Amino acid sequence: MIDNSQLNSNTTSWIVETPIGKIEAQPASDPNYPGIYVSVNGTQLVLIEYDSIHEQHAVRVWNHNDPDIDPEYTQTIPKLVWIKTDDFQFVRKDSDTCFTVIDISVFDENEYSLRYVHVDIEALSVDEIRSTIQTYGWDFTNGVLIVKGTTTPACKEDIQNQLIAECIAEQTLPVDADNTVRFKSLRELNTYLIAHGIQQPIE
């Protein structure tokens, strides 16, 4: 059963009236497990929270017939991790075919441009992939990234989509990026990266 003491009574709740009752969402106050409780007709049945101990989100659902026992269903959502792929690039795997790439350009020692590019491999045509990766000396045949002019795979299968996403991002102009941010110093850039979950500063 959800502990009422963990409900944050000082914040606004969100209420939706339906033909058969009321759905209400209210923030939780535990600093180690911030989240939202959802109740249906006054019975608290769902908790969506951040588990700071395990660094993951969790969705917990109680049985409406017996909400006093442990959750009937729990789904954990692991933390998404940024990987530093070179000195000025970070990649986050959002799913097997979707990636978010941060690509950083240096204009001079005191000016940097950071752009976000979201890449969905499944949304790309074979021609789009091939035209992008050929400048790197690769080709794309039968769904496999290969060294151009050979049948040798260019990489392991489990990182192929990530490499394609990196190539797409590197050739995406700032005006076509999902978001672009400029910085006037390296310190300002690194402060931004840390605030957005990237603990590997640019040197």
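Just a few scattered comments:
- Of the criteria (1) touching a residue at least 40 places away in the same chain (Cβ under 8 Å); (2) touching a His at 6+ places or on another chain (Cβ under 9 Å); (3) hydroxyl-bearing (Ser, Thr, Tyr), which one THR76 fails: (1)
- Number of the condition not met by ASP86 [criteria: (1) under 28 Å from THR191 (Cα atoms); (2) in contact (Cβ under 8 Å) with a residue 24 or more places away in the chain]: (2)
- Test: residue in the range 62-74 that is part of a strand (DSSP E or B) and over 30 Å from GLN160 (Cα atoms): yes
- In the range 187-203, residue nearest to the chain's Cα centre (by Cα) [restricted to those that are surrounded by 16 or more Cβ atoms within 10 Å (Cβ to Cβ) and at pLDDT 90 or above]: LEU193
- Of all residues in the range 140-189, those that are of a type in the set (S, T, N, Q) and touching a residue at least 24 places away in the same chain (Cβ under 8 Å) total 7.
- Residue, surrounded by the fewest Cβ atoms within 10 Å (Cβ to Cβ), within the range 99-136, restricted to residues that are under 14 Å from CYS167 (Cα atoms) and hydroxyl-bearing (Ser, Thr, Tyr): THR135
- Residues within the range 73-92 that are touching a strand residue (DSSP E or B) at 6+ places or on another chain (Cβ under 6 Å) and either on the phi > 0 side of the Ramachandran plot or not polar (S, T, N, Q) (or both), tallied: 12
- SER105 vs. criteria free of Cβ contacts under 8 Å to residues at least 12 places away in the same chain, within 20 Å of ASP176 (Cα to Cα) and among the hydroxyl-bearing types (Ser, Thr, Tyr): no
- Cβ-Cβ distances below 6 Å connect the following pairs, each with a first residue in the range 33-52 that is under 28 Å from LEU80 (Cα atoms) and in the same structural domain as VAL16 (by TED's automatic domain parsing), a second residue that is among the polar types (S, T, N, Q) and part of a strand (DSSP E or B), and a separation of six or more residues or different chains: TYR37/GLN26; TYR37/GLN44.
The values are calculated or read from the model by the stated rules, or taken from the named source; none is laboratory data. In this text the structure is predicted, and so the values were computed from the model without any measurement. Reconstructed Cβ throughout: ideal geometry from the backbone, glycine too, with neighbour counts over all protein chains shown.
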